[in-house]
1. In the P(r) worked out for the chain, what percent of Cα pairs fall beyond 37 Å?
2. By the scheme Lys and Arg +1, Asp and Glu -1, what is the net charge of all other residues having a beta-carbon under 12 Å from that of N373?
3. Going 7 Å from the Cα of Q282 toward and past its Cβ, which residues in the stretch 307-326 have a backbone nitrogen under 18 Å from where you end up?
4. Sum up the charges of everything whose Cβ sits under 13 Å from the Cβ of L56, counting Lys and Arg as +1 and Asp and Glu as -1, but leave L56 out.
5. Which percent, nearest 5, of DSSP beta bridges in the chain are antiparallel?
6. Going by Cβ distance under 4.7 Å, what cysteines of the chain have no possible disulfide partner?
7. What's the extension gain from Y177 to E51 if we count 0.36 nm per residue and subtract their Cα-Cα distance?
8. Full extension from E61 to H106: what is 0.36 nm times the residue separation minus their Cα-Cα distance, to one decimal in nm?
Amino acid sequence: MKAEQLKEKLIAKAAELGIDKIGFASADPFLELKERLREQQEKGLASGFEESDIELRSHPEKLMPAVKTIIAIAIAYPAKLTDPPKSEPGNYRGIFCRASWGTDYHLVLRQKLDDLSTYLHSLVPNATIQSMVDTGALSDRAAAQRAGIGWSGKNTAIITEEFGSWVYLGEMLVDVYLPPDEPVEDGCGDCTLCMTACPTGALVEPGRLDSQSCIAYLTQTKTMIPEKYRDKIGNRLYGCDTCQTVCPKNKKRYFDHQQAFHPDVEKVKPLLKPILKLSNRQFKEQFGEMSGSWRGKNPIQRNAIIALAHFKDKTAVAELTAMLQKDVRPVIRGTIAWALGKIGGEEAKESLQKAIQTETDEMVLTELNVAMNRLKN
């Protein structure tokens, strides 16, 4: 079978499998990306979640020596809730970013890629294939950009003409030659809305993100969030969509045809106070199918405490006080100390005074004293 015919068959099969976009790219090294990644590391802007070996991220042949083609795919996800529950005094809610709505996208895209791989093997039985979704070494965005899925926006997201940036990305390395597609022309123009809107100024220049100050990154860490960022977190429990929601290319781009990503509104916009009481088992039962659960319950509970402080929810003080006295996790106690200082009131003040007398962790003690001074002033 000729390469062009094989490509057309794969495009048709992808549509049949529910893959929204497919593109084909050469497997040449990503030399420009390699230089940008090196700068990112040197400037301390990397998150630490990504593959640290720049060679693996930018040289497909190091992952598969015989690779000839990269097949990139994109699947759209919904960006709007239908009839979402409202936050109300005493019953405030947090929010998971859109990339965590519905079933974990890693599972969905891997299955799509597995199905496409099976089909390719039926046409080319001896083909070697390696699939990746997000957690692979290769840069999904670089592959998608080269394959014509979309362009890389100033917010670092891949932006497609059809779906905006509301797409998940995945790719396959194959040792079969398939004619490459042309990259899409940049469509951002002079627009810098995403950079202006970023709550922490993490978009330090067009297409460059300081991951260490990005709210999406901060909500996934397991340590204390630096104080200068806590007020910026708002009621976000996982991730941040600000740089996408302000993007003109995302205006009126709402697609809910992928059944797997239909959100359960009580999971993606949950009540905050019940989150504080969840055991590990309960957390997995409630949030385990979502991609936003991958770091476990500790970061989500910490973020819920920050959200309660954001709302200045005095009805949460008693529960926060009990956790401050009994919880064994210093990060949780330290965050509660800060939260009580933000919420304020006599009950919060008494709780802080009592905790100062018994706390032994230096970091937590510092947070307690700072919070107490805030209330005194």
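No value in this document is a laboratory result; all are computed from the given coordinates. All values derive from a computational prediction rather than experimental measurement. Heads up, the Cβs are rebuilt from the backbone with ideal geometry, glycines too, and the neighbour counts pull from every protein chain shown.
1. Tail of the P(r) past 37 Å holds 28 percent of the pairs.
2. Here the charged neighbours net out to +2.
3. Of the residues in the stretch 307-326, 308, 316-326 have backbone N under 18 Å from the label point off Q282.
4. So the surrounding residues net to -2.
5. Bridges in the chain are about 95 percent antiparallel.
6. C97, C188, C191, C198, C214, C240, C247
7. 42.7 nm is the gain from fully extending Y177 to E51.
8. Full-extension gain reported as 13.9 nm.
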